[in-house]
Amino acid sequence: MINEDKEIVRYTANQRLNHWLIALSFVLLAISGLALFHPALFWLSNLLGGGTWTRILHPFIGVVMFVSFFSFALQLWRDNRMTADDRAWLKAVPKVISHQEEGVPEAGRYNGGQKVLFWVLIVLMLGLLVSGVLMWRTYFTFPVELIRWASMLHALFALVLVCAIIVHAYAGIWVKGSVRAMTRGTVTPGWAWKHHRKWYRKKMRDSSLK
Amino acid sequence: MASQGMDIKRRSATTTPSPSVRNSPVQGGGVAKLIDVSQCIGCKACQVACMEWNDLRDEVGHNVGVYDNPADMTENSWTVMRFSEYEKDDGDLEWLIRKDGCMHCEEPGCLTACPSPGAIVQHANGIVDFNQDSCIGCGYCVTGCPFDVPRISKTDKKAYKCNLCVDRVEVGQEPACVKICPTGAISFGSKDDMKHHADERIRDLKSRGYDNAGLYDPDGVGGTHVMYVLHHADKPQLYSGLPKAPKISAIVSLWKGPAKPIGVAAMVLTALVGAAHYIRNRPSEVTKADELAAKHAAELVALQAAELAAEKTAEEERNDQRG
């Protein structure tokens, strides 16, 4: 049914690679971070080769995630500016997740939920970097009261990040056809029509004007 | 860690009980070291004894203009004499010398903060001991300590501090600093006995005009197994910043307390809500109708574009004719 010529490119190969580098570093960070967060999860430290290796590697992987994430975010931020339509879309989330999509505002390249995630991630990533550096005793020395705040906030930011990424991953699984956007880089016209109609129309206009 | 010699009461990052079948009630409130600051002459014999017994050698440092030497505790100097000059209201100068080191809190902030199982243990007699084999070098113990005691080694990145000579106490001996002290300023025994001894010392100090003499055994950390007799117990800060009301920071308590179960529950709940949603609501799938609608929309756009292009050409032609 799907004509391959008609597939729409959503992400370039480099963007996809970058996305999965962020995802890989996130998984390693979440697992090693949880190992240090709750004693019941200390066994997860085995992933990186034990507690000491976890302590050594976790911050470096954090730097990788930070750099990788921001080089990706810089390419996407223009498409993530909030509009009145996005706010209306957010109000209609209960409809979206229960398959009643009539009357839901059309989404651009990203819908309101994705844009919220985008900006939440920006804030969390910055917060995690700053608090993480404050806690990185091997290389930095800061007043202990500052480190206490950093430790608490680092855990809080990380916890919100993990929840946000669970929602992100779930949305990718629930909305069929999304994962291939990040594996193959393309989506079908029907997918773009259903989920990002405004973006689809723009794509069509742009391609017909060529 | 085998604990044949001394039973373990608390173990870091461990959610199940420590072996407790042998635990008999600890006599006399556990052990305690009593440091009578009023009897200390600042000879630093305790520092030397500590280094000798524990086989520690610190780097030779530089004189920084005060008698404190080394200037601070390090991974190799588990105890340091801190000298502070205090001018009393009547103009008299007092030298307040405090032997700084681990206080062996009944509720240890280091143990609360430590993420590595068994890296910090508290023995039944109250001694708080670091087990460097399990230490991962994260420094959380430093973050948790209200007394700024643990030090991370620059070479092996492990945390070190006074262990109250646990290996000596285990075989019925007193810590090395206690044994060496030439003035009897440091004594060791059961906590109850040390409190009795402190009472005598305080009575003596009061009779000599130190009305505020008293025992430093702060409640905020559940009491300590290292206690001080201070001539100015109302102002412990005079003794090189000994905290007046030490307790585990509220931020650390939150981070290592309710944040842990609430945080993990929030993550698990988020995942469960997702799973429940997937099961209750079929996934969002693109239908044939969507593909068709998309096709029509694309055709419409192409048509409009073609019309627009045709109009444009027509207009250009008209312009050409006029020109």
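The values are calculated or read from the model by the stated rules, or taken from the named source; none is laboratory data. The model shown is predicted, which means the values in this text are computed figures rather than measured ones. Because the Cβ atoms are built from the backbone with ideal geometry, glycine has one as well, and the counts that use them run over all protein chains shown. Areas reflect the complete protein model, heavy atoms only, side chains present, ligands, DNA and RNA absent. Shrake-Rupley method; radii C 1.70, N 1.55, O 1.52, S 1.80 Å.
Observations, loosely collected:
- What separates the Cα centres of segment A:19-73 and segment B:143-167 is a distance of 26 Å.
- Checking every one of the GluC sites (Glu not before Pro) in segment B:257-321 against DSSP loop status and a limit of 16 other Cβ atoms within 10 Å picks out B:285.
- Amide proton proximity set for residue B:8, modelled H, under 5 Å, gap of 5+: B:124
- Long-range HN-HN contacts of residue B:94 with modeled amide H, under 5 Å: B:86, B:87, B:88
- Neighbourhood charge, 15 Å Cβ-Cβ cut-off, centred on residue B:87 and excluding it, Lys, Arg +1 and Asp, Glu -1: -3
- Cleavage-rule hits, GluC sites (Glu not before Pro), segment B:45-112, DSSP coil, Cβ neighbours within 10 Å at most 13: B:59
- To the nearest ten degrees, helix B:259-280 and the longest principal axis of the Cα atoms of chain B are 20 degrees apart.
- Axis angle, to the nearest 10 degrees, between helix B:45-54 and the longest C-alpha principal axis of chain B: 60 degrees.
- Debye, to nearest 20: dipole size of segment B:243-323, +1 on Lys, Arg Cβ, -1 on Asp, Glu Cβ: 1460 debye
- On the beta carbon distance between residue B:237 and residue B:156, with R0 = 22 Å, the FRET formula returns roughly 0.05.
- Rounded to 5, percent antiparallel among DSSP beta bridges of the protein assembly as shown: 85 percent
- Each residue, residue B:88 and residue B:219, gets one label point 7 Å from its Cα in the Cβ direction; the gap between the two is 2.9 nm.
- Placed amide H near residue B:102: partners under 5 Å, 5+ positions off or other chain: B:162
- Spin-label model distance (nm) - residue B:170 vs residue B:268, 7 Å beyond Cα toward Cβ: 3.7 nm
- With respect to chain A, whose longest principal axis is taken over its alpha-carbon atoms, helix A:112-135 is tilted by about 20°.
- Longest exposed-site-free window of chain B, the sites being trypsin sites (Lys or Arg not before Pro) in a DSSP loop that have at most 15 other C-beta atoms within 10 Å: B:245-323
- For residues of B:240-246, the mean tally of beta carbons on other chains within 10 Å: 0
- Each label was represented as a point 7 Å from its Cα along the Cα-to-Cβ direction; for residue B:317 and residue B:210 these points are 11.2 nm apart.
- Above-threshold pairs, the threshold being 27 Å between Cα atoms, out of A:91/B:256; B:33/B:154; A:6/A:194; B:44/B:154: A:91/B:256; B:33/B:154
- Between the residues A:92, A:199, A:140, the greatest Cα displacement towards the positive end of the dipole of segment A:10-209, with unit charges on the Cβ of Lys, Arg, Asp and Glu, is found for A:199.
- Using a probe of 1.4 angstrom and keeping all protein chains present, the accessible surface of the protein assembly as shown works out to 51 square angstrom per residue.
- The protein assembly as shown - mean residue ellipticity at 222 nm from DSSP helices (-39,500 (n - 2.57) per run, n ≥ 4, rounded to 500): -15500 deg cm²/dmol
- Using the Cβ-Cβ distance between residue A:130 and residue A:57 with R0 = 22 Å, the FRET efficiency computed as 1/(1 + (r/R0)^6) comes to roughly 0.65.
- Length gained on full extension, residue A:83 to residue A:47: 8.7 nm, using 0.36 nm per residue less the C-alpha separation.
- Both chains summed, the buried accessible area for A and B stands near 4300 Å², from protein heavy atoms and a 1.4 Å probe.
- Per residue of A:35-47, other chain Cβ atoms within 10 Å of the residue Cβ number 5 on average.
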